[in-house]
There are 2 protein chains.
Amino acid sequence: MAPAPITPESSGTTTPTGSTATSLTKAGIEHTQPNSNGSTESLAPLKASSMTINLTNTPRPVPAPDSAETKAQKTCTDHMITARWTASHGWEAPELKPYGAFSIMPTASVLHYATECFEGLKLYRGYDGALRFFRIGKNCQRMRKSASRIALPDFEPAELEKMILALAAQDGAKWLPKDTRAGGFLYVRPTFIATEEALGVQRPKEALLYVIMACFPDMSKSLADPAPPALKGEADGGSKSQTSGLRLLASSEDSIRAWPGGFGYAKVGANYGPSLVAQGEARARGFDQVLWLFGQESYVTEAGASNFFVVMRSKDSGKLQLITAPLGERIILEGVTRASVIDLANERLAAAPTASESGLEPVEVVERRFTMPELLEAQAEGRLIEAFAAGTAFFIAPVALIHFRGGDMEVPMDGDSGRYARCFKQWLVDIMWGNRSHEWGVVVEEKA
Amino acid sequence: MAPAPITPESSGTTTPTGSTATSLTKAGIEHTQPNSNGSTESLAPLKASSMTINLTNTPRPVPAPDSAETKAQKTCTDHMITARWTASHGWEAPELKPYGAFSIMPTASVLHYATECFEGLKLYRGYDGALRFFRIGKNCQRMRKSASRIALPDFEPAELEKMILALAAQDGAKWLPKDTRAGGFLYVRPTFIATEEALGVQRPKEALLYVIMACFPDMSKSLADPAPPALKGEADGGSKSQTSGLRLLASSEDSIRAWPGGFGYAKVGANYGPSLVAQGEARARGFDQVLWLFGQESYVTEAGASNFFVVMRSKDSGKLQLITAPLGERIILEGVTRASVIDLANERLAAAPTASESGLEPVEVVERRFTMPELLEAQAEGRLIEAFAAGTAFFIAPVALIHFRGGDMEVPMDGDSGRYARCFKQWLVDIMWGNRSHEWGVVVEEKA
């Protein structure tokens, strides 16, 4: 774990020449080749400290947290960071520059072959006034893993982390003001795309890594309405979920999210686009998300784009268990929230003495395959205690109902959440927003 | 089958105002909304006849067929056709305009969630001087199917066909000259991407359909060197394939291209990016393509991005069979070349009398699952006659060798090709390049 605070190394040359278009065309890339290091033998590594800075001349207004603009999830902050890579030269110097459109050729690999991956993390404005990331190192390491799976070039995760911190340091004070936005957050999206203009199906030889920060609604606060407002038109049954807790529609066998030997573990675009039809159908039928099952056994894998946890009492041992799907088959995303829930449960809920802190019965953490029939049996026998989804976008989201093979299975809740979900959420909130000092909270040193 | 010739309906308004940038940003899209039809109840359909035409002022030179530029697969013709769609208005009027860069927002759906699909077809300059497409209607229908799988909007395939024909009519004469390029082709790439700027994982509300035409090398003529020149640096064993015939590396169990319930049947980007690592490894080991297997039984599915055929004598009946994987599980791309090989075999090779045309023994067409162990057994018993890959890019490509679980299996050839592969290829060449009049050849009426 990186100790807080980390100072972004944004000591590169400042080039405050007005806003320039970001050209991803070949000519644009050649024009901005790094000065030296033209040797193909020693490709230039990604280096945050060589970043150039070009600040905007046209700063934009910050939308209110509950505005339509924020809910549309498309308003980004004043700046972005980009870093180009070519097979012949390696990484160019990253640029912090005004947020704006890219110029990209119609033949670009990313538009045809889904040569793309991304990360999602949040920048939190703490109740103590500090700006923090949560386990940002994990996101940067996963981004490297995703890039490798989708044939994008390698980089040192710590350098990406520095770039993200630099953008947060630049735009955090204005877009997440200390005095009015305590408890708020921005959504940070590192993205990596192959920009090579060539239609051959091959490893891309040109790519662009970029980081943007967007205004996002707090979807964990509005479980009754997790869909962006524009989607609600599709979800005519949306009002059914006015009570809290996610209503999940279990996927049918003719629609699977991921498979062994595939890429379900990586945060590549190819896992998301193909899920939209099933997700749209679920919403149209009044459900919040798809519960992705796998195989004839109906193994439970993920809920929407989040990991899925269930708390139930073991039939054999009588012990209370916190169960989630294992990573071994590589069909599950290795979620940062997932890992954190497991870590916190092991640390604070495993044995009776520490359980006193939460007042909850101890649970044993089990990462294993489990099936829908198992959950149905546990529910029928009163052994099912609660279930929740865990991820960055939806945070800790209690589950109220699972629709499986024509039947509704109600999942127990304690008011608006299960008790374990509530507990994990509070523990995480305390770290993310600085109520409790913890190594997972990485403080951003802001610009004045 | 559409009878030839088809006249593209490019009778839209000509607006020869100099080249304008193609803006995929929200502002750009709003700026060009169709005049009326703002009603959300009656969304405007895709309509090729409403196309506007804006010709280039800066025509570019045509590269030679064997030039490095052609081999790089990125030089496109002078023009492209684009058509925008929004959820609120439906389809805008298509535009035939100068080929050039798009302006796209960093938040565009296609860059994050692989909301993209495409088609690949060739425009042939016949030996009779005519310009032809081959079964173009099939490509347009498949594009619609792919769009549906990846949550992109619907359209009438015949309208896309008219747009493709219009582009071919515009640029064909110059880029595939009648007097010097008989027997040549251009590669046509209809592409469909979600351009909506919003990070929410949801059905896109803005999209762009576009058609470009690129200069492409004839990969079927250079089986010994199917990789673009730039790739040869990676393929240090490339010289091993100097003899003709593809050398395939069977995929291992930890690398699966597609799965039932997934999207292997659709031409979506999400099938291609995730295959690049395995493909790059195959090339680095001196193989031409990956032979994609499925399951513990090692079912043979596809070869690279082509369908795979094998000719072997049945152990049971003693009959000669042309076998390829079935479409029922939807893990196989429904290839146009695949369908054509099957159709031709049924029509011209099924019974003895017609077989006289080719001088070949009749074959029975069988679409069924088959495994690598089956092929190994057939080879050991002398029942394996030949194998070939079939697709648009590689055309009919004979297979010389399959490397499976540490061993090389040689596939019989008759000189530089199996006899059936040679026969199918010649039959298709005759249709594509107009040696033989056939309903599959769709003649393009060129501009003067």
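The values are calculated or read from the model by the stated rules, or taken from the named source; none is laboratory data. Small disclaimer: the values here were computed from a predicted structure and weren't measured. All Cβ positions, glycine included, derive from the backbone under ideal geometry; neighbour counts span all protein chains shown. Side chains are part of the model used for accessible areas, which takes the heavy atoms of the whole protein and leaves out ligands, DNA and RNA. Shrake-Rupley method; radii C 1.70, N 1.55, O 1.52, S 1.80 Å.
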Give segment A:269-279 a look and list any residue that's under 15 Å from the mean Cα position of the chain (by Cα) and more than 7 Å from chain B (Cβ to nearest Cβ), or say none. A:271
Could you please find all residues in segment B:280-306 being open to solvent by 10 Å² or more (accessible area, probe 1.4 Å) and more than 12 Å from every other protein chain (Cβ to nearest Cβ)? B:285, B:287, B:297, B:299, B:301
What number of residues within segment A:171-210 satisfy the criterion of being at the interface with another protein chain (Cβ under 8 Å from one of its Cβ atoms), more than 28 Å from residue B:276 (Cα to Cα) and part of a loop (DSSP other than H, G, I, E, B)? 0
Quick check: is even one residue across segment B:401-412 within 19 Å of residue B:134 (Cα to Cα) and either surrounded by fewer than 18 Cβ atoms within 10 Å (Cβ to Cβ) or among the β-branched types (Val, Ile, Thr) (or both)? no
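Do we have any residue at all in segment B:120-137 that's touching an Asp or Glu at 6+ places or on another chain (Cβ under 7 Å), at the interface with chain A (Cβ under 10 Å from one of its Cβ atoms) and in contact (Cβ under 8 Å) with a residue 12 or more places away in the chain?
At the first step, the residues of segment B:120-137 found to be touching an Asp or Glu at 6+ places or on another chain (Cβ under 7 Å) are B:131, B:136-137.
Those left that are additionally at the interface with chain A (Cβ under 10 Å from one of its Cβ atoms): none.
No, because not a single residue in segment B:120-137 is touching an Asp or Glu at 6+ places or on another chain (Cβ under 7 Å), at the interface with chain A (Cβ under 10 Å from one of its Cβ atoms) and in contact (Cβ under 8 Å) with a residue 12 or more places away in the chain.
Go through A:71, A:47 for me and flag whichever is open to solvent by 50 Å² or more (accessible area, probe 1.4 Å), within 11 Å of chain B (Cβ to nearest Cβ) and modelled with pLDDT of 55 or more. I'd like the intermediate steps shown before the answer.
Numbers: A:47 fails: within 11 Å of chain B (Cβ to nearest Cβ).
Unique residue meeting the criteria: A:71.
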Every residue from segment B:382-391 that is out of contact with any Pro (no Cβ under 7 Å at 6 or more places or on another chain) and buried (at least 21 other Cβ atoms within 10 Å of the Cβ): B:387, B:389, B:390, B:391
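Got a sec? Which of A:65, A:5, A:16, A:34 is at pLDDT 55 or above and not aliphatic (A, V, I, L, M)? Give the derivation first.
Working: A:5 fails: at pLDDT 55 or above; A:16 fails: at pLDDT 55 or above; A:34 fails: at pLDDT 55 or above.
From the options A:65, A:5, A:16, A:34, the qualifying one is A:65.
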Note on residue A:368: of the conditions (1) crowded, with 17+ Cβ neighbours inside 10 Å; (2) in contact with a strand residue (DSSP E or B) (Cβ under 7 Å, 6 or more places away or on another chain), unmet is (1)
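Taking residue A:82, is it surrounded by fewer than 24 Cβ atoms within 10 Å (Cβ to Cβ) and either modelled with pLDDT under 95 or facing chain B (nearest Cβ under 10 Å) (or both)? I'd like the intermediate steps shown before the answer.
Values: surrounded by fewer than 24 Cβ atoms within 10 Å (Cβ to Cβ): yes; either modelled with pLDDT under 95 or facing chain B (nearest Cβ under 10 Å) (or both): yes.
Answer is yes for this residue.
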The condition from (1) hydrophobic (A, V, I, L, M, F, W, C); (2) more than 22 Å from residue B:427 (Cα to Cα); (3) part of a helix (DSSP H, G or I) that residue B:331 misses is numbered (3)
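Between A:426, A:379, which is closer than 30 Å to residue A:178 by Cβ and open to solvent by 50 Å² or more (accessible area, probe 1.4 Å)? Walk me through it before giving the result.
Numbers: A:379 fails: closer than 30 Å to residue A:178 by Cβ.
Step by step, each of A:426, A:379 is checked, and only A:426 is closer than 30 Å to residue A:178 by Cβ and open to solvent by 50 Å² or more (accessible area, probe 1.4 Å).
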For segment A:216-228, does any single residue satisfy the condition of being at the interface with chain B (Cβ under 7 Å from one of its Cβ atoms) and at pLDDT below 95? yes
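Only one residue in B:384, B:401 is more than 25 Å from residue B:319 (Cβ to Cβ) and assigned by TED's automatic domain parsing to the domain that holds residue B:246, so which one is that? Let's see the steps before the verdict.
On the way: B:384 fails: more than 25 Å from residue B:319 (Cβ to Cβ).
From the options B:384, B:401, the qualifying one is B:401.
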Go through segment B:145-162 and give me each residue that's of a type outside the set (A, V, I, L, M), away from every other protein chain (no Cβ under 14 Å) and either under 16 Å from residue B:333 (Cβ atoms) or open to solvent by less than 20 Å² (accessible area, probe 1.4 Å) (or both). B:155, B:157
Considering each of B:339, B:345 in turn, give the residue that is open to solvent by 10 Å² or more (accessible area, probe 1.4 Å), part of a helix (DSSP H, G or I) and touching a residue at least 12 places away in the same chain (Cβ under 8 Å). B:339
So residue B:264 ticks every box in (1) touching a strand residue (DSSP E or B) at 6+ places or on another chain (Cβ under 7 Å); (2) open to solvent by less than 10 Å² (accessible area, probe 1.4 Å) but one. Which box is left unticked? (1)
Does residue B:98 count as away from chain A (no Cβ under 12 Å) and more than 30 Å from residue B:396 (Cβ to Cβ)? no
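Of these, A:114, A:108, A:87, which one is open to solvent by 20 Å² or more (accessible area, probe 1.4 Å) and either within 14 Å of another protein chain (Cβ to nearest Cβ) or under 30 Å from residue A:59 (Cβ atoms) (or both)? Full working, then the answer.
On the way: A:114 fails: open to solvent by 20 Å² or more (accessible area, probe 1.4 Å); A:108 fails: open to solvent by 20 Å² or more (accessible area, probe 1.4 Å).
Just a single option satisfies the conditions, and that option is A:87.
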